[in-house]
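Undergrad: The structure that follows is given in the form of structure tokens.
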Amino acid sequence: MKILLIGKTGQVGGELNSIVGDLGTLITLDREQMDLSKPNSIEPAILEIQPDIIINAAAYTAVDKAEDEPELAMTVNGVAPGIMANTAKKVGAGLIHYSTDYVFDGHSDKLYREEDSPCPVNVYGKSKLAGEKAIIEAKIPYLILRTSWVYSLHGKSFLKTIKKLSTEKDTLRIVDDQIGSPTWARSIALATHEILGYCSRKEWLKKPDPSLSGIFHLTCQGNTSWYGFAKEILKLSGEDLNTQLSPIPTSEYPTPAARPLYSVLCNEKVKNIFDIEMPHWLNAIKICLNEKS
């Protein structure tokens, strides 16, 4: 199996780059080799490589900045995945793509399931939803894995921001009324590895099975607020004694992009189909931060 990984330097892509190579021949491309903001570069690269599986771990993720750059966000998150999917159809490949909890408006008080109607409240969410639709319309074997609040020790993330600010400020005001599931990039990568291995054993591409294609929610278990997440980061980093956290409502921290107040995803489908048991977010972050020490 020839696997093409797009976005190898991102949080999830970096983790995937380390573990999926044992499933086949791994070919990786970063932004310099395939710039998703330049859609014309996508099809020729895929046609040249002729992969069996495309994993798209690249995305425009600057949620607030997307409000000022809607066309760029839509090109990278909406147009580019559609081109990948249609090119995958030409070479007989399957596609694994990552999406987000931000396709929902956050007005629910129940876990969001895959069949719930998306209604994004910001440009970023709208662009990711457009990418989902473009992939589905290509009618290829595909997996859209929706995740949330992704963090790692590499790249830009809430975890790294909080650790940095804790060395610069005595008090941090953190939003406490937005609820989601912090998800370690490695947890996503490990689950993707299991899913891809399962699909390979089932000869996913030769014997299409509708149950193995579709949208799947993939987040760490449990949920918290940004305040709760920050509190755990400082506690596990040994920095909570030096920095005071102050919980505040969203109304006291206005941002260019609106955020869903509740965007916790239900993982039952990925458990039932692929037997994937995601770790609790508290356990995942402990492993992540202990690794550095």
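The values are calculated or read from the model by the stated rules, or taken from the named source; none is laboratory data. What you are looking at is a predicted structure, and each value in this text was computed from that prediction instead of being measured. Neighbour counts are summed over all protein chains in view; Cβ atoms, including those assigned to glycine, are modelled from backbone coordinates with ideal geometry.
Undergrad: If you check 116, 64, 105, 68, which single one turns out to be within 24 Å of residue 139 (Cα to Cα) and at pLDDT 95 or above? Show your work before the answer.
TA: On the way: 64 fails: within 24 Å of residue 139 (Cα to Cα); 105 fails: within 24 Å of residue 139 (Cα to Cα); 68 fails: within 24 Å of residue 139 (Cα to Cα).
The match here is 116.
Undergrad: Let me ask something additional. For residue 129, are the conditions met, namely being part of a strand (DSSP E or B) and free of Cβ contacts under 8 Å to residues at least 60 places away in the same chain? Give the steps one after another, and end with the answer.
TA: On the way: part of a strand (DSSP E or B): no; free of Cβ contacts under 8 Å to residues at least 60 places away in the same chain: yes.
Judged against the criteria, residue 129 is not a match.
Undergrad: To continue, here is another question. Can you tell me which residue is modelled with the highest pLDDT among those in region 249-293 that are exposed (fewer than 12 other Cβ atoms within 10 Å of the Cβ) and small (Gly, Ala, Ser)?
TA: 251
Undergrad: How about region 222-245: which of its residues are surrounded by fewer than 17 Cβ atoms within 10 Å (Cβ to Cβ) and at pLDDT 95 or above?
TA: Across region 222-245, the qualifying residue is only 222.
Undergrad: A follow-up question, please. Restricting region 9-27 to residues that are hydroxyl-bearing (Ser, Thr, Tyr) and at pLDDT below 95, which is surrounded by the fewest Cβ atoms within 10 Å (Cβ to Cβ)? Lay out the reasoning, then the answer.
TA: We begin by selecting, within region 9-27, every residue hydroxyl-bearing (Ser, Thr, Tyr); these are 9, 18, 25.
Subsequent filtering for residues that are at pLDDT below 95 retains 9, 18.
Details: 9: 16, 18: 12.
Among those residues, the one meeting the criterion is 18.
Undergrad: For residues that are surrounded by fewer than 15 Cβ atoms within 10 Å (Cβ to Cβ) and of a type in the set (Asp, Glu), scanning just region 103-115, find the one that is farthest from the chain's Cα centre (by Cα).
TA: Restricting to residues being surrounded by fewer than 15 Cβ atoms within 10 Å (Cβ to Cβ) and of a type in the set (Asp, Glu), the top hit is 109.
Undergrad: Show me the strands (runs of 3 or more DSSP E) entirely contained within region 161-251 in which 2 or more residues are in contact (Cβ under 8 Å) with a residue 40 or more places away in the chain and more than 23 Å from the chain's Cα centre (by Cα). First the steps, then the outcome.
TA: On the way: elements: 171-175, 214-217, 244-248.
Once the strands (runs of 3 or more DSSP E) in region 161-251 are filtered for at least 2 residues that are in contact (Cβ under 8 Å) with a residue 40 or more places away in the chain and more than 23 Å from the chain's Cα centre (by Cα), what remains is 171-175, 244-248.
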